[in-house]
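Okay, so here's the structure we're looking at.
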Amino acid sequence: MHLKIVSAFAAVVALGGSGSAQLSPCGSLPANPDDPGAGLTFVADPGVRVDHAVLPKPFVDDEGRVHLFYQRETPPILDMYAVSADGLTFPAGREQQSSDLRYHPFRVRMPNGVWRMFSWDPRQLAITSRSSGDGASFGDDGGVRYPLHESDRGWMGIHEEYVDGQGRVVMLYLGDRYGLNNLRRAVSVDQGWTFAFDRGDVLGDAAIARDHGPGHAFVDQKSIALDGAARRLFVMKQGCAIYSFLTSDGDQYVQEPGWRVSINSWTDLSLRSLHDPVVVRLPDGRFRMYLAASLNAPAGSPLHQVVVSATAAP
């Protein structure tokens, strides 16, 4: 059985008329601070990690190898898997099988030692789960872990779950696709078995999304644990740049200055947009971001999507 990941990979609209190029709608980005802080200066790694691919999901094992889960861009759309010794050069991927799950980054270990993976079920409009004792073989839990809140208006996009410093399981997710389309938060105090809505507008972008449209909210959220209870949350805005927010307690996220990477960061590639950033910590302490990118292409051509990366010092 294959693990199917549902995501809200953003659609990109081509600009210009017949014969014009599909160029990025980002225009000029604000200047980035010269010294935004430790772990915040990501430098684009040259080239492409995986061609014709989207939705990268990396995991670093104890030997320092990077296990990369992703989806093929071109039909048939399949969940794929590849392993790299250096995290930069990946062999041709193979179709993902259920036995790959011991390296899947979306597994979450509960405080009681049980592993869980959470999935959005559009038929039930709810989050369901599978559990495992060894982190490799997962079985369906049955029932619903979290039904949508009324403010989500019947839709959930990208979601992530993690255990915070208080032993709670936190779920960050996108809701209300055609309204605010911004980040919400639900919390579980019973090992991820039931979640309760905690609050909406986690990143404080509801007002601008309400006034200017859902494309102005921060989306594609994924976070990484730092020291203690601190976490850094990475998000995308309008496909133009990746931003970050910091929390010291898992409750309040504060935006950090500037952006981490933008479509202009890759000087060897002509990028139209960036999506779905996921950051891992390498064995030497550096951070590496894997993300999907759309390349600029002639008008009328299908979008060419790739997985790229950028690396930052600790």
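The values are calculated or read from the model by the stated rules, or taken from the named source; none is laboratory data. Small disclaimer: the values here were computed from a predicted structure and weren't measured. Heads up, the Cβs are rebuilt from the backbone with ideal geometry, glycines too, and the neighbour counts pull from every protein chain shown. Side chains are part of the model used for accessible areas, which takes the heavy atoms of the whole protein and leaves out ligands, DNA and RNA. Shrake-Rupley method; radii C 1.70, N 1.55, O 1.52, S 1.80 Å.
Out of every Cα-Cα pair in segment 222-282, what percent are more than 15 Å apart?
Percent of Cα pairs beyond 15 Å in segment 222-282: 53.
Once the Cβ-Cβ distance between Gln124 and Asp164 is put in as r, and R0 is 25 Å, what FRET efficiency do you end up with, to the nearest 0.05?
Working from the Cβ atoms, E equals 0.45.
Would you calculate the separation in nanometres between label points at Ala313 and Glu150, each defined as 7 Å from the Cα along the Cα-to-beta-carbon direction?
5.3
Give me the number: length gained by fully extending Ala196 to Ala31, i.e. 0.36 nm times residue separation minus the C-alpha to C-alpha distance, one decimal in nm.
Taking Ala196 through Ala31 to full extension adds about 55.5 nm, to one decimal.
How many nm is it between the label spots at Leu303 and Asp134, if each spot is 7 Å from the Cα in line with the beta carbon?
4.0
Taking 7 Å along the Cα-to-C-beta vector as the label spot, tell me the Glu63-Ala225 distance in nanometres, rounded to one decimal.
A separation of 2.3 nm, rounded to one decimal place.
Considering all projection directions equally, how large on average is the shadow of the alpha-carbon convex hull of segment 145-229, in square nanometres?
Mean shadow area of the hull around the Cα atoms is 5.5 nm².
For the chain, calculate the relative contact order in percent as a whole number, restricting contacts to Cα pairs under 8 Å that are 6 or more residues apart.
About 21 percent, as a whole number.
Using only the alpha carbon atoms of the chain, find the Kirkwood hydrodynamic radius as the inverse mean reciprocal pair distance, in angstroms to one decimal. Before the final figure, lay out the partial values.
Values: mean 1/r = 0.0500 Å⁻¹.
After inverting the mean inverse Cα-Cα distance, the result is 20.0 Å.
How much length is gained if the chain between Thr74 and Thr89 is pulled fully straight, taking 0.36 nm per residue apart and subtracting their Cα-Cα distance, in nm to one decimal?
Computed gain between Thr74 and Thr89 is 3.3 nm.
Solvent-accessible area per residue for the chain at a 1.4 Å probe radius, Å²?
Per-residue value: 43 Å².
How compact and how long is segment 176-219, expressed as Rg and Dmax of its alpha-carbon atoms in Å?
When restricted to the Cα atoms of segment 176-219, Rg and Dmax are 12.4, 39 Å.
Computing the accessible area with a 1.4 Å probe over protein heavy atoms, can you report the carbon and sulfur percentage for the chain?
The C+S portion of the solvent-accessible surface of the chain is 53 percent.
Would you please give the FRET efficiency between Arg210 and Val189, computed as 1/(1 + (r/R0)^6) with r the Cβ-Cβ distance and R0 = 35 Å, to the nearest 0.05?
E between Arg210 and Val189, to the nearest 0.05, is 0.65.
Could you state the per residue volume, in Å³, of the convex hull enclosing the Cα atoms of segment 120-167?
In segment 120-167, the Cα convex hull volume per residue is 120 Å³.
Show that you can apply the helix-only estimate: for the chain, add -39,500 (n - 2.57) for every DSSP H stretch of four or more residues, divide by all residues, and state [θ] at 222 nm to the nearest 500.
Numbers: 1 runs with 7 residues, N = 314.
For the chain, the value works out to -500 deg cm²/dmol.
Enter the mean projected area of the convex hull around the alpha-carbon atoms of segment 86-224, in nm², rounded to one decimal.
So the mean shadow area of the Cα hull is 10.3 nm².
Let me understand segment 41-121 better: what is its radius of gyration from the alpha carbons, and its Dmax, in angstrom?
In Å, with Rg to one decimal and Dmax whole: 14.0, 42.
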